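Novice: Below are the structure tokens for one structure; questions will follow.
The values are calculated or read from the model by the stated rules, or taken from the named source; none is laboratory data. Here the structure is a predicted model, which is why all the values come from computation and not from measurement. FYI the Cβ positions are ideal-geometry reconstructions off the backbone, even for glycines, and counts take in every protein chain you see.
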Amino acid sequence: MPKVLLLRVSGAGWLPGARLRLLTFAGALLTLSACSSDGTLTSAESSRQLDHDMFVTGFEDIEDIYVTEPDIGAMALAGMQQLSSIDPAVVARRSGDTLELLVNNRSVESIAVNDGLDARHWGDVTADILDQARESSDKIAGAPAEKLYEAMFDGIVGKLDQFSHYASAANAADLRAQRDGFGGIGVTISVEDGQVRVVSVMHYTPADRLGIHRDDIITEIDGTPIGGLPQREVVNKLRGPVDSRVTLTLKRKTQENPFQVSLIRALVVPETVAYQREGDIAYFRIYSFNSGTTETLRREIRDAKAEIGEDNIKGYILDLRGNPGGLLSQAISTSNLFLDRGKIVSTIGRNPDSHQFFEATEGDIARGKPIAVLIDGNSASAAEIVAAALQDNERAVLIGSNSYGKGTVQNVMSLPNKGEIALTWARYHAPSGYSLHHLGVLPTVCTSGENDPGVLINELAAGELKQVPTMKRNTVRPDDIAGMDALRKTCPARHEADPIDLETAVRLLNRPTLFADAIHLAAPPIQSASDSSVKDDYTILP
């Protein structure tokens with residue numbers, strides 16, 4: 001029988017009165033060992049151990065990497081208090097050095113605590129409170145473990161910032177699939193009127209290679225009818241280990257009889273890049289940043305060069321409007337595609353490992369051709385990193401409105417139930433040094449409130465467009481909310497894509513001299529050799 005409970009509650013920091021709780025844990029271990037002499041855990045024992053491991057792991061991760069010093073005690077109490085969302089008769093409260101659990105106004109547990117307890121001890125206490133709540137409340141006892149974890153971790157991370165969050169095992173699997181890919185065939189499906197319809201087929205996937213079409217109806221998977229199944233269950237049947245085989249029965253409007261196709265699952269990374277030609281300009285819409293974004297963009301650029309002719313391409317458009325972000329590594333590698341040198345981004349947090357600095361390496365895939373980047377109020381996180389990197393390095397003209405202003409980096413930590421918590425662990429800074437958090441990226445050409453791209457182009461040609469206030473932007477402190485709001489108001493964030501952005505970009509890229517003039521409107525302020533490119537401001541709450 002593993003003695004994990006005893007090991008994890010031993011140590012400094014407990015009040016003398018709490019030693020009774022330590023003895024209770026030890027006694028429980030002896031009892032459990034007697035009941036499970038073969039070394040296996042009963043269902044109840046496994047549940048208690050998972051509770052313990054969940055909260056200890058979660059609190060230790062938060063204590064270790066969160067961007068500011070967390071109050072683990074307050075977070076633990078907030079998690080316990082969420083039990084009342086499942087059973088209103090269950091109440092957790094703390095008075096001084098006493099933590100108490102009440103059910104129907106009757107105290108069922110009292111534990112001595114203090115502000116000196118570390119994350120491991122708070123994990124022990126939280127797991128014990130949950131255990132007692134299960135014993136004292138039929139509603140808590142009858143609730144699935146995942147429902148309890150979701151409620152309690154929502155309370156725990158609710159004491160952090162808006163970007164830290166908990167994901168259940170099922171949701172975490174979906175998030176990992178979006179980030180890193182999954183074993184599948186490469187189709188998007190929709191369940192409509194009890195039928196499973198193929199909505200789209202991804203390029204370079206097994207489904208694409210074997211000729212599955214949009215609007216095909218999947219009637220069977222591996223010989224089992226799937227009509228009427230929920231969409232998630234169908235998706236789970238389509239996915240499986242890479243190199244495993246799956247057989248589909250399909251109906252197609254152009255064929256009288258159903259037919260079968262047998263496919264070998266491959267690693268499928270959801271597509272995040274779409275290309276279209278705009279005259280002699282290559283336009284790319286980037287929807288998010290997952291593990292395949294940079295390579296997909298590289299492939300689409302290669303295709304654009306083949307279609308238009310590399311020497312004939314007048315410029316490139318990267319449309320980041322509505323892009324919520326994604327992987328930091330992909331934002332860096334995407335920026336690096338278009339840069340020969342210069343800084344890309346830096347990250348600073350409380351944990352020393354969060355202090356990272358990234359610079360471009362030689363090899364501009366566009367070979368110096370003009371680049372326009374479209375942004376709006378829904379361009380966030382990784383999208384803002386790319387926009388700021390290309391703007392600060394005077395490689396691209398940004399067109400649109402002020403971006404979202406999510407300038408923090410989340411580290412995703414796995415939990416024992418195969419769920420995960422995403423924790424803010426750093427703030428990132430643009431190449432010229434300013435923090436993007438709350439402020440966002442200011443576009444070079446502001447289209448907010450405008451409706452005629454010709455007017456903007458004429459104003460640019462006449463030298464009438466205002467310079468981006470880069471000096472104010474780079475000197476405003478991250479805790480000066482009023483100062484940042486004033487800068488944001490110079491080009492208010494717009495949350496719906498407007499055709500004026502693309503039209504302005506096309507006109508600008510067709511006039512190389514004008515593009516060169518526009519680049520200088522957002523030139524970063526010149527720093528002296530003694531200036532630090534990154535302010536030591538990470539102690540301010542995100």
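Let's see how each residue does on (1) of a type outside the set (Phe, Trp, Tyr); (2) out of contact with any His (no Cβ under 8 Å at 6 or more places or on another chain); (3) under 24 Å from residue 65 (Cα atoms):
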site	(1), (2), (3)
307	yes, yes, no
311	yes, yes, no
318	yes, yes, no
322	yes, yes, no
339	yes, yes, no
346	yes, no, yes
351	yes, yes, yes
362	yes, yes, no
365	yes, yes, no
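Novice: Output the number of residues of region 470-485 satisfying the condition of being closer than 30 Å to residue 507 by Cβ and surrounded by fewer than 16 Cβ atoms within 10 Å (Cβ to Cβ). Show your work before the answer.
Specialist: Kept after step one, since they are closer than 30 Å to residue 507 by Cβ, are these residues of region 470-485: 470-474.
Then drop every residue that is not surrounded by fewer than 16 Cβ atoms within 10 Å (Cβ to Cβ), which leaves 471.
Within region 470-485, residues that are closer than 30 Å to residue 507 by Cβ and surrounded by fewer than 16 Cβ atoms within 10 Å (Cβ to Cβ) number 1.
Novice: Cβ-Cβ under 8 Å, sequence separation 6+ or interchain: first residue in region 79-91 and closer than 16 Å to residue 128 by Cα, partner aromatic (Phe, Trp, Tyr). Which pairs?
Specialist: Close Cβ pairs satisfying both conditions: 79/55; 79/153.
Novice: Tell me whether region 492-513 contains one or more residues that are under 26 Å from the mean Cα position of the chain (by Cα), over 26 Å from residue 281 (Cα atoms) and at pLDDT 95 or above.
Specialist: Yes: region 492-513 contains one or more residues that are under 26 Å from the mean Cα position of the chain (by Cα), over 26 Å from residue 281 (Cα atoms) and at pLDDT 95 or above.
Novice: Which one is nearest to residue 299 (Cα to Cα) among residues in region 263-285 that are β-branched (Val, Ile, Thr) and under 21 Å from the mean Cα position of the chain (by Cα)? Give the derivation first.
Specialist: The first filter runs over region 263-285 and keeps only residues β-branched (Val, Ile, Thr), leaving 264, 268-269, 272-273, 281.
Of the ones still in play, those that are also under 21 Å from the mean Cα position of the chain (by Cα) are 268-269, 272-273.
Working: 268: 16, 269: 14, 272: 12, 273: 10 Å.
Looking at the filtered set, the residue picked out is 273.
Novice: So which residues in region 173-200 are closer than 14 Å to residue 265 by Cα and either assigned to a strand (DSSP E or B) or modelled with pLDDT of 90 or more (or both)?
Specialist: 182, 183, 184, 185, 186, 187
Novice: Something else about it: Among the residues in region 462-477, are any modelled with pLDDT under 95, farther than 22 Å from residue 379 by Cβ, assigned to a loop (DSSP other than H, G, I, E, B) and under 34 Å from the mean Cα position of the chain (by Cα)?
Specialist: Among the residues of region 462-477, at least one is modelled with pLDDT under 95, farther than 22 Å from residue 379 by Cβ, assigned to a loop (DSSP other than H, G, I, E, B) and under 34 Å from the mean Cα position of the chain (by Cα), which makes the answer yes.
Novice: In region 122-144, what count of residues is obtained for those that are surrounded by 15 or more Cβ atoms within 10 Å (Cβ to Cβ), out of contact with any Gly (no Cβ under 7 Å at 6 or more places or on another chain) and either hydrophobic (A, V, I, L, M, F, W, C) or not assigned by TED's automatic domain parsing to the domain that holds residue 45 (or both)?
Specialist: 7
Novice: Among the numbered conditions (1) under 24 Å from residue 393 (Cβ atoms); (2) assigned to a loop (DSSP other than H, G, I, E, B); (3) of a type outside the set (Lys, Arg), tell me where residue 484 comes up short.
Specialist: (2)
Novice: Among the numbered conditions (1) among the β-branched types (Val, Ile, Thr); (2) within 30 Å of residue 408 (Cα to Cα); (3) crowded, with 17+ Cβ neighbours inside 10 Å, tell me where residue 68 comes up short.
Specialist: Exception for residue 68: condition (3).
Novice: Would region 390-406 turn up any residue that is among the aliphatic types (A, V, I, L, M), within 19 Å of the chain's Cα centre (by Cα), buried (at least 21 other Cβ atoms within 10 Å of the Cβ) and closer than 17 Å to residue 284 by Cβ? Even if it seems obvious, please write down each step before you answer.
Specialist: Applying the first criterion (among the aliphatic types (A, V, I, L, M)) to region 390-406 yields 390, 396-399.
After this cut, where a residue has to be within 19 Å of the chain's Cα centre (by Cα) as well, the list is none.
Checked against the condition, which is being among the aliphatic types (A, V, I, L, M), within 19 Å of the chain's Cα centre (by Cα), buried (at least 21 other Cβ atoms within 10 Å of the Cβ) and closer than 17 Å to residue 284 by Cβ, region 390-406 yields no hits at all.
Novice: While we're looking at this one, here's another question. Could you say whether any residue in region 366-383 is among the charged types (D, E, K, R), within 17 Å of residue 446 (Cα to Cα) and at pLDDT 95 or above?
Specialist: Residues of region 366-383 that are among the charged types (D, E, K, R), as a first pass: 367, 369, 376.
So of that shortlist, the ones also within 17 Å of residue 446 (Cα to Cα) come out as 376.
Next, from what is left, pick out any that are at pLDDT 95 or above: 376.
Yes: region 366-383 contains one or more residues that are among the charged types (D, E, K, R), within 17 Å of residue 446 (Cα to Cα) and at pLDDT 95 or above.
Novice: Determine which single condition residue 309 fails, assuming it passes every other condition in (1) closer than 22 Å to residue 384 by Cα; (2) small (Gly, Ala, Ser); (3) surrounded by fewer than 17 Cβ atoms within 10 Å (Cβ to Cβ).
Specialist: Going through the list (1) closer than 22 Å to residue 384 by Cα; (2) small (Gly, Ala, Ser); (3) surrounded by fewer than 17 Cβ atoms within 10 Å (Cβ to Cβ), residue 309 breaks only (1).
Novice: Let me ask something else about it. Just give me the residues in region 330-364 being over 26 Å from residue 399 (Cβ atoms) and among the hydroxyl-bearing types (Ser, Thr, Tyr), in sequence order.
Specialist: 347, 354, 361
Novice: In region 144-155, is there at least one residue being of a type in the set (Lys, Arg) and within 23 Å of the chain's Cα centre (by Cα)? Show your work before the answer.
Specialist: Step one: of region 144-155, the residues of a type in the set (Lys, Arg) are 147.
Those still in the list that are within 23 Å of the chain's Cα centre (by Cα) too: 147.
Within region 144-155, one or more residues are of a type in the set (Lys, Arg) and within 23 Å of the chain's Cα centre (by Cα).
Novice: Suppose we filter 367, 302, 321 for residues that are under 23 Å from residue 280 (Cα atoms), among the basic types (Lys, Arg) and not in a loop (DSSP other than H, G, I, E, B); which single one remains? Reasoning before the result, please.
Specialist: On the way: 367 fails: not in a loop (DSSP other than H, G, I, E, B); 321 fails: not in a loop (DSSP other than H, G, I, E, B).
When all the criteria are applied, what remains is 302.
Novice: Give me the helices (runs of 4 or more DSSP H) completely within region 66-172, filtered to those with at least 2 residues that are more than 30 Å from residue 235 (Cβ to Cβ), ordered by residue number. Give the derivation first.
Specialist: Numbers: elements: 72-81, 119-136, 138-142, 145-157.
Result: 72-81, 119-136, 138-142.
Novice: Could you please find all residues in region 179-196 being surrounded by fewer than 16 Cβ atoms within 10 Å (Cβ to Cβ) and either free of Cβ contacts under 8 Å to residues at least 24 places away in the same chain or within 17 Å of the chain's Cα centre (by Cα) (or both)?
Specialist: Taking region 179-196 as the starting set, the residues that turn out to be surrounded by fewer than 16 Cβ atoms within 10 Å (Cβ to Cβ) are 180, 188, 190, 192-195.
Residues satisfying the conditions are 180, 188, 192, 193.
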